[in-house]
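None of the figures in this text is laboratory data; all of them are computed from the coordinates on show. These numbers come from a predicted model, not from an experiment. With ideal geometry, Cβ positions are generated from the backbone for all residues, glycine too; neighbour counts draw on all protein chains shown.
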Amino acid sequence: MAQLAVNVDHVATLRQARGVTYPEPVAAAVAAETAGADGIVVHLRGDRRHIQERDVRLLRKIVQSRLILEMAATNEMLGIALDIKPDCVTLVPETREELSTEGGLDLVSHQNHILEAVSTLKNAGIDVCIFIDPDLDQIKIAHKIDADMIEIHTGAFCDAKSSKQKQKEFSKIVDAAKIGTRLNLEVNVGHGICYNSIKAFKGLSEINEFSIGHSIVGRAILTGMEQAVRDMKQLISSL
């Protein structure tokens, strides 16, 4: 059974919208783990629009499963990661204008820079995942620069408007997952996956972990975090 890593960024988004001290993403992480989450994900962005460094430091002390830090491969973020020592770092692209991460890292253009970041993190004993589009060239480079795992960007599939387009985008994910597995990379998927779209992954045994945040936090507003995570875990168990 594939694992579930729960991203609590958008609990912090709600907190930062009012500049108050609640809701608490650390409490959300505890509730998610209580409900069976296999990992907790946070994205510490350069502009600190949601998760703060304080959150990551507290989570490092409290998370009992795995703490996964999403971050850009900047000197600032590398310094924070080396200090906090998350279980895994997922390297992602980042621009100030985007609402959320809009695509995978371009390893073709930035191979040397990302290679240096991967080496630095791995030398510190931190597992490294690279967030990439379902593209053969990107996967080959991820393997070449010695990443431990990849997270396939599923946004194009989840956001597709027609069934034909969805099928086309999903076939890319399937191919990428199979190729990544053949190259001995752990294969994770994430971005835009919800309680409906996750059903499409039934039978795709190559997937090691689903990284899901927005849809779980959205449901948690109505049902509570523990129930929202249990609902998603049940769907994953049926794949």
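Provide, for q = 0.28 Å⁻¹, the log10 of I(q)/I(0) from a solvent-free Debye sum over equal Cα point scatterers in segment 191-239.
The Debye formula, applied to the Cα set alone, gives -1.13.
What size of dipole, in debye to the nearest 20, comes out for segment 1-59 about its Cα centre when the only charges are +1 on Lys and Arg C-beta atoms and -1 on Asp and Glu C-beta atoms? Don't jump to the answer; show the numbers that get you there.
Working: 7 positive and 7 negative charges, 59 e Å.
With only Lys, Arg, Asp and Glu charged at Cβ, the dipole is about 280 debye.
Contour minus end-to-end for Tyr195 and Asn112, with contour as 0.36 nm per residue of separation and end-to-end as the Cα-Cα distance? List each step's numbers first, then the result.
Working: separation 83, 0.36 × 83 = 29.88 nm, distance 3.75 nm.
Gain in length upon complete extension: 26.1 nm.
Label segment 123-234 by shape, choosing from rounded, prolate and oblate, from the square roots a ≥ b ≥ c of the eigenvalues of the Cα gyration tensor; if a/c is under 1.5 it is rounded, and otherwise prolate applies when a/b is larger than b/c, oblate when it is not. Please report the intermediate quantities before stating the final value.
On the way: a/c = 2.27, a/b = 1.35, b/c = 1.68.
Oblate shape, in that a/c is at least 1.5 and b/c is the bigger or equal ratio.
Based solely on its DSSP helices, what 222 nm [θ] is calculated for the chain when runs of n ≥ 4 H residues each add -39,500 (n - 2.57) and the sum is averaged over all residues, nearest 500 deg cm²/dmol?
On the way: 10 runs with 114 residues, N = 239.
After summing the helix terms and dividing by the residues of the chain, the value is -14500 deg cm²/dmol.
Using per-residue counts of other Cβ atoms within 10 Å, averaged over each peptide, order 88-95, 71-78 from highest down.
Numbers: 88-95: 22.2, 71-78: 17.4.
Top of the packing list down: 88-95, 71-78.
Within the chain, which is the longest segment that contains none of the trypsin sites (Lys or Arg not before Pro) sitting in a DSSP loop with at most 13 other Cβ atoms within 10 Å?
In short, 97-160.
Please give the length that would be gained between Leu222 and Ser205 if that part of the chain were fully extended, namely 0.36 nm times their separation in residues minus their C-alpha to C-alpha distance (nm, one decimal).
Values: separation 17, 0.36 × 17 = 6.12 nm, distance 3.13 nm.
Result: 3.0 nm gained on full extension.
Tell me, what is the FRET efficiency for Thr95 and Ile62 to the nearest 0.05, using R0 = 25 angstrom and their Cβ-Cβ distance as r? If you can, show how the numbers build up before the last one.
Details: r = 31 Å, r/R0 = 1.22.
The calculated FRET efficiency here is 0.25.
Would you work out if segment 157-223 is rounded, prolate or oblate? Take a ≥ b ≥ c from the square roots of the eigenvalues of the alpha-carbon gyration tensor; rounded if a/c is under 1.5, else prolate when a/b is larger than b/c, oblate otherwise.
Working: a/c = 2.67, a/b = 1.39, b/c = 1.92.
Oblate, because a/c is 1.5 or more while a/b does not exceed b/c.
Considering every Cα-Cα pair within segment 33-150, what fraction, in whole percent, is farther apart than 21 Å? Show your work: numbers first, answer last.
On the way: 2465 of 6903 pairs.
When every Cα pair of segment 33-150 is considered, 36 percent fall beyond 21 Å.
Of the options Gly46, Asn184, Val174, report the single residue whose Cα projects farthest towards the positive end of the charge dipole of the chain (beta-carbon charges: Lys, Arg +1; Asp, Glu -1).
Checking the options against the dipole of the chain, the answer is Val174.
Based on the Cα atoms of segment 1-43, what semi-axes does the equivalent ellipsoid have, where each is the square root of 5 times one gyration tensor eigenvalue, given in whole Å with the largest first? Let's see the in-between values first.
Working: eigenvalues 100, 20, 6 Å².
Largest first, segment 1-43 gives 22, 10, 5 Å.
Using 23 Å as the Cα-Cα cut-off, could you pick out the over-long pairs in Lys178/Lys202; Lys144/Lys164; Lys161/Lys233; Lys122/Lys199; Lys140/Lys199?
Lys144/Lys164; Lys161/Lys233; Lys122/Lys199; Lys140/Lys199
With unit charges on the beta carbon (Lys/Arg positive, Asp/Glu negative), name the residue among Gly125, Cys158, His143 whose Cα is farthest towards the positive pole of the charge dipole of segment 42-185.
Cys158
Please express the shape of segment 3-237 as an equivalent ellipsoid: the semi-axes are the square roots of 5 times the eigenvalues of the C-alpha gyration tensor, given largest first in whole angstrom.
On the way: eigenvalues 123, 103, 51 Å².
Those come to 25, 23, 16 Å.
Please list, in chain and number order, the residues 5+ apart from Glu70 or on another chain whose amide H is under 5 Å from its amide H, with Hs placed from the backbone.
Placed amide hydrogens put Val42, His43, Leu44, Thr90 under 5 Å from Glu70.
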